[in-house]
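The values are calculated or read from the model by the stated rules, or taken from the named source; none is laboratory data. Here the structure is a predicted model, which means the values were calculated and not measured. With ideal geometry, Cβ positions are generated from the backbone for all residues, glycine too; neighbour counts draw on all protein chains shown.
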Amino acid sequence: MHLDTPRVSRVQSLFATARARFIGMTAAVAAVDLLVKDVAVRSLGSDNVVAFTDRFSMFVVFNTGSAGGVQIGPYTWHLNVLVTLLAVGMIASVVQPMASVDRRATRALAFVAGGAVGNLLSMLFGPDGVADFLAIRLTADTTIVANVADLALWAGAAMLAPVALTLFRLARIERVERVTPVRIELM
């Protein structure tokens, strides 16, 4: 077996670049989230409501539960930290292989991880919980209150859709190639 040294170097370079881009973008998303949360808390305080439309406003709510404010009992905080650390670790472990298939995966996974890290840091070091401040009223009785980390998570998940399609397409091609018999013609 002969290893093509320039090709191996390109693949190693892609992995190093994907890893560096992932770490940098993850840190940037988390930093922007923490900065915007701090500005929102300082600007809005605990009583201010800024209404832009009848469906969109800004006010601060501190989330001490899981995603969506769900409480899972006395160990909610511990479970949140554990699950978030595991999720970020799993995401980091798939960045390189996914980037070798589709370069868009790096950015999408960094948005998801950055949002998770931003909310984790807010949970660990925010005295009152995770600050949510972007309020979107869906119905008369239902309002979603989110933050930049949540938006980054949702955007990253949406950006993974075309990456998933690429992975499914490649898996289908590989499956067909594996099943298709090779014909050898003898002269």
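List of remarks:
- Applying a threshold of 7 Å to beta carbon distances and a minimum spacing of six or more residues, or different chains, the list of pairs starting in region 154-171 at a residue that is under 12 Å from Val101 (Cβ atoms) and outside any helix (DSSP H, G or I) and ending at one that is at pLDDT 95 or above and small (Gly, Ala, Ser) is empty.
- Selection within region 17-52: residues that are among the small types (Gly, Ala, Ser) and either surrounded by fewer than 11 Cβ atoms within 10 Å (Cβ to Cβ) or outside any helix (DSSP H, G or I) (or both). The member of this set that is modelled with the lowest pLDDT is Ser46.
- The set of residues in region 57-77 being in contact with a strand residue (DSSP E or B) (Cβ under 6 Å, 6 or more places away or on another chain) and either assigned to a helix (DSSP H, G or I) or surrounded by fewer than 15 Cβ atoms within 10 Å (Cβ to Cβ) (or both) consists of Gly69 alone.
- When the test is whether a residue is in contact with a helix residue (DSSP H, G or I) (Cβ under 8 Å, 6 or more places away or on another chain) and farther than 22 Å from Leu121 by Cβ, Leu170 passes it.
- Screening Thr139 against (1) surrounded by fewer than 17 Cβ atoms within 10 Å (Cβ to Cβ); (2) closer than 20 Å to Gly45 by Cα; (3) of a type in the set (Val, Ile, Thr) leaves a single unmet condition, (2).
- Contact map, region 66-88: first residue modelled with pLDDT of 85 or more, second residue outside any helix (DSSP H, G or I) and hydrophobic (A, V, I, L, M, F, W, C), Cβ cut-off under 9 Å, separation 6 or more or different chains; pairs are Leu79/Ile72; Asn80/Ile72.
- Exactly one residue among Pro127, Pro162, Pro97 is under 29 Å from Val60 (Cβ atoms), surrounded by fewer than 17 Cβ atoms within 10 Å (Cβ to Cβ) and at pLDDT below 95, and that residue is Pro127.
- Qualifying residue in region 78-85 (condition: touching a strand residue (DSSP E or B) at 6+ places or on another chain (Cβ under 6 Å) and farther than 30 Å from Arg21 by Cβ): no
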